[in-house]
Amino acid sequence: MGETPVGGEVPRRGSLTVVGTGIDAVSQLTPSARGAIEGADEVLYLLADPVAALRVEALNPRARSLDHFYGPTKARRETYAEVVEAIVGAVIRGSCVCAVLYGHPGVSALPGHRAVARVRAAGLPARMLPAVSALDCLFAELGVDPTTSGLQTYEATYFFVRRPAVDPHATLVLLQVGMLGEAGGAATEAVAARFRLLLDRLVGLYGLAREAILYEASPYPGAAPAVDRFALGDAEARAPSVMSTLCVPGQDRPPVDPDARRALELSGG
Amino acid sequence: MTSVAPERRLSDFFLRLADDPSLLEAYGRDPQTTLTSAGLGDAQIDAVLGGPDAVRSAVETELTNDSALRRLITAPRMSTEGGDEPDEPDEPDEPDEP
């Protein structure tokens, strides 16, 4: 049995649950995420569209946005630090906090991971629930199976500046191409020119004729996704929107290594 | 005095969908008929058929006209790490050639 402090109440122990709304908060919010939002003392959210915000506020009237931490020219790193501080601070003060992020809360979402790590480091419970990401929507709506020829996925700026090795057989998915090279909280007109540089890089890897797709999952039920197919060498390819994902579908699986296949057969008994 | 029924909002319809799986199922099969049955107008139906940008524009117009809800209209925030995150100290500059 634990001791009860003399002459005072037992201090409340805070906790954190980080959830995602899915891309379409109307139809993709999971039952467990919904329960976490409804049962929280405080709900802090960062969302991409007003319908998602309406839904979260309808589920818990104590929900409030963290959007005010963003600024068009304010460094994202600074914004993230403030967002994490707001979430962790509420937990430390004793609240059962639900942080709600757009899409999957652990995909392209640094503040969620950092908040969970900080709360756990403080000795308090923290968990992240899975959700539907843009990548999940892409698999379904573009008919891409990541196991057919493999999948490589990167945040677009990371891909451009760090130049990871690319498997030309695998599907390549670049997230956040609409924020290519942006360090602030909003996309600028410079993204269009940077996107051309990215396409030039991809032409060098895949050739002019390889098909690419600019894809944008719909955040609204009933509205079709935006799907723009083009050849990488197409000089008229349109610039991405802030929500766009670029996909280069996989092609021509690599040949089977006979020695590797034989090794598998021999180990089969 | 004649009372005027408030105009139905697309955003309210979406919230109804979220709490009514059978309505969501019907809407998934036939958005146009379901929207019409719910009393939404041609402009709202056209927005849904026009894609995400048209829907967002229609919803933002609705919320702009509501003083309590226009605060919900914000730019999409992409929570991306980007290429501006240093993960190792900068190498010292090479000394100039003599």
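What to note about this one:
- A simple spin-label model places pseudo-atoms 7 Å from Cα toward Cβ; at residue A:38 and residue A:183 they are separated by 4.5 nm.
- 222 nm mean residue ellipticity, helices alone, for chain A (DSSP H n ≥ 4; -39,500 (n - 2.57); rounded to 500): -10500 deg cm²/dmol
- Remark: mean inter-chain Cβ contacts per residue of B:53-60 equal 4, using a 10 Å Cβ-Cβ cutoff to other protein chain atoms.
- Virtual spin-label span in nm between residue B:61 and residue A:226, 7 Å along Cα→Cβ: 1.8
- As a ratio to 2.2 N^0.38 Å, the alpha-carbon radius of gyration computed for chain A takes the value 1.20.
- Here the peptides A:170-183, A:134-147 are ranked by packing, the mean other Cβ count within 10 Å, and the order with the highest first is A:170-183, A:134-147.
- Size check on the range B:10-71: the Cα extents along the three principal axes, sorted descending, read 32, 24, 19 Å.
- Rounded to the nearest 5, the antiparallel percentage of DSSP beta bridges internal to the protein assembly as shown is 35%.
- Global form of the range A:134-248, assessed from the alpha-carbon gyration tensor, a/c cut-off 1.5: rounded
- A simple spin-label model places the labels of residue A:266 and residue A:201 4.2 nm from each other, with each point 7 Å out along Cα-to-Cβ.
- Computed about the Cα centre, the dipole magnitude for chain A is approximately 620 debye when only Lys and Arg (+1) and Asp and Glu (-1) carry charge, each at its Cβ.
- A convex hull fitted to the Cα coordinates of the range A:216-269 yields 170 cubic angstrom per residue.
Where a number appears in this text, it was derived from the coordinates with a stated rule and is not lab data. Note that the structure is predicted; figures quoted are calculated from it, not measured. As a convention, Cβ positions derive from the backbone with ideal geometry for all residues, glycine included, and neighbour counts pool all protein chains shown.
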